[in-house]
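Worksheet: one structure, shown below.
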Amino acid sequence: MNAARAFPDQARYAPMHQLLRYGLIVPMRMAQELFGYSEAAYLAVPMVAGIGLAVGVYGLSVLLFNRWVGLAAGALTVGNSLVFQDLTTPLPDLLATAILCWALVIVVAVRQRRRLVTCSPTRETGALLGIGLLLGWSYLTREFIVPTFGLVPLVLLGRVPVRRMLWIALPLAGVAIGEAVFNFAHVGDPLARLHASEVHGHAGPKATAAWQLANLGHPPLWYLGRLPVALASTPEGLALILCVVGTLLGALYSRKIAFLLAWTLLFYVPLVLLGGILDPWHPKLRINVGRYWTAIIPALVLGGVACAWLLIHNRAKVAPYLRHRTRLAGIVAGLALLAVVAVPVGIAQNARATGETDPFGRYAANGATELEQFRTWLTRKSSTVRVLRADPSTIRVLNVYLNPLFGRPSWNGRIAVMHKIADARRGQYVVIYSARSETCQSCMNDAQHIYGKPVKIPSTWRQVVAIHDRRIEVYQVG
């Protein structure tokens, strides 16, 4: 949010790699222009991206298989525990994956010579340019999604002449050159994205000694196993693992599922290589973070659901009553498939509802329960609270919630940064967020830097309010 508000200038309190996600920053800035610097602007992009991902997976499924597979795969893609918690968080992985899915929808449609995109040379050229623009946008959102671009020539080769495929490369080249020029003008480094990515996997604010001990210097099998571990760690993990198995086995019998396996491998192999196999002590990516695998989820889910469809449909066709009723067999198989997929989606939703998969309240919306309660308290106290002090990370979070949902001012005071206890003056109010929980890891780190570990509040400060088991604390300096 801060990066979007300051764009094209650089925002304070944000690491460099976050300032370079132009594919995410520009839509966020557009949302801010529409809704103001508010909760609505914060939620707009990830929620639209989530809807776009579900619809994109459905569209790809319809082109490759049928509507039943599309409904089931779309529901499981956004309903699983790895993806769902990002539907209210403006992070790059979800948006980049949704854009990639839409690019692949057009790619498959061109291969199948669908009239909407190939009825004339002009229409086909427009479709190819659109593919390039979408791929460029996904790169600007999340750079390590680029290896999946290899799917495009793999799918189109033999159906579209190589010279015609240059129309895809044209906008990609424009995006690369434009970004280099923009970075040189505003950052002083045309390769700023590459240089920021080089250290992101092993350095930065979260790379504490304990984190490095847990995530660096492991044997290759540890990095190869991060994806299965991430999938299996969810409540519906068995279903997601079965999707992996289904994709692997289905690729032996179906070229369409083989396409999904190629998508999986094009993303998985570079990710684990850069994530630690090539250099265990200086990985470029943090593949232990679940959301880093978002771009692989649609391929695995669609592959697994398609494999399940083939098994169910083949059994339905030989059932005595359905043997000569092909249409009815398809409907029965489709309903059975939806029932099967409803089980892992239901398990995941039940876990979310009971807090099993999100004990720190990062969902609904990204900690909104306590933050909205704080906003209500601050609105009531607007006449007495004129200055709020907070650490830099907390300020980044609070700025979104200082206004109501659609950005109308509800508090006219001033929020000031705090780096040490002495920064707070007598009579001012100090906000401490997530000092005793991992809801906001950077907020907890900042709080421990200021107040010590464990956090110790000065005895002269008076607690004014504590919200949600002290997840938010407000003190008045005495």
Q: Please name whichever of Leu402, Gln441, Thr384 sits farthest to the positive end of the charge dipole of the range 368-476, dipole taken about the Cα centre and charges placed at Cβ: Lys and Arg +1, Asp and Glu -1.
A: Thr384
(Q) Please list 3J(HN,Hα) in residue order for the range 226-231, calculated via the Karplus relation 6.51 cos²θ - 1.76 cosθ + 1.60 where θ = phi - 60°; whole Hz, with x for glycine and proline. (A) 5, 5, x, 5, 4, 5
Q) Given that compact globular proteins tend to follow 2.2 N^0.38 Å, what is the ratio of the alpha-carbon Rg of the range 73-117 to that value? A) 1.44
Q. Using θ = phi - 60° and the Karplus curve 6.51 cos²θ - 1.76 cosθ + 1.60, what whole-Hz ³J(HN,Hα) does each residue of the range 293-309 get, with Gly and Pro shown as x?
A. 9, 4, 5, 9, 4, x, 5, 5, 5, 5, x, x, 5, 5, 5, 4, 4
Q) Treating the beta-carbon of each Lys and Arg as +1 and of each Asp and Glu as -1, no other charges, what is the dipole magnitude of the range 368-476 about its Cα centre, to the nearest 20 debye? A) 420
Q | Total formal charge among the other residues, if their Cβ is under 13 angstrom from that of Ser61, Lys/Arg +1 and Asp/Glu -1 | A | +2
Q: Rounding to the nearest 20 debye, state how big the charge dipole of the chain is about its Cα centre with +1 on each Lys and Arg Cβ and -1 on each Asp and Glu Cβ.
A: 840
Q: Would you work out the relative contact order for the chain, in percent, from Cα pairs under 8 angstrom that are 6 or more residues apart?
A: 16
**Q.** Helical contribution to [θ] at 222 nm, DSSP H n ≥ 4, -39,500 (n - 2.57), averaged over the chain, rounded to 500
**A.** -19000 deg cm²/dmol
Q) Which is the longest run of the chain containing none of the chymotrypsin sites (Phe, Trp or Tyr not before Pro) found in DSSP loop states (not H, G, I, E, B) with at most 13 other C-beta atoms within 10 Å? A) 1-252
Q) Rounded to whole Å and sorted largest first, what semi-axes of the equivalent ellipsoid does the C-alpha gyration tensor of the range 1-57 yield via the square root of 5 times each eigenvalue? A) 21, 14, 8
Q) How much length is gained if the chain between Leu311 and His419 is pulled fully straight, taking 0.36 nm per residue apart and subtracting their Cα-Cα distance, in nm to one decimal? A) 32.8 nm
Q) Based on the Cα gyration tensor of the range 215-261, what are the three equivalent ellipsoid semi-axes, each the root of five times an eigenvalue, rounded to whole Å and given largest first? A) 25, 15, 6
(Q) Above 33 Å lies some portion of the pair distances; for the chain, what is it as a whole percent of all C-alpha pairs? (A) 44
**Q.** the range 90-198 - convex hull of alpha carbons, volume per residue in Å³
**A.** 104
Q. So who's got an amide H within less than 5 Å of the one on Gln428, skipping anything under 5 residues away but keeping other chains? H placed 1.01 Å off N, in plane.
A. Val477
Q | Lysine pair number, Cα distance threshold 29 Å (strictly under), the chain, separation 8 or more or different chains | A | 9
Q. Got a sec to turn the phi values of the range 252-269 into Karplus ³J(HN,Hα) couplings, 6.51 cos²θ - 1.76 cosθ + 1.60 with θ = phi - 60°, whole Hz, x for Gly and Pro?
A. 6, 10, 9, 5, 5, 6, 4, 4, 5, 5, 4, 4, 4, 5, 4, 8, 5, 4
Q. Between the helical axis of 121-141 and the dominant principal axis of the chain, each derived from Cα atoms, what acute angle in degrees is found, rounded to the nearest 10?
A. 40
Q: Name every cysteine in the chain that ends up alone, with no second cysteine's Cβ under 4.7 Å, or say none.
A: Cys101, Cys119, Cys243, Cys307
Q: Could you give me the radius of gyration and the Dmax of the range 368-476, taking only the C-alpha atoms into account and expressing both in angstrom?
A: 12.8, 38
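Each reported figure results from applying straightforward, stated rules to the coordinates on display, with no laboratory input. Please read all numbers here as calculations on a predicted model, not as lab measurements. Neighbour counts run over all protein chains shown; Cβ positions are idealised from the backbone, glycine included.
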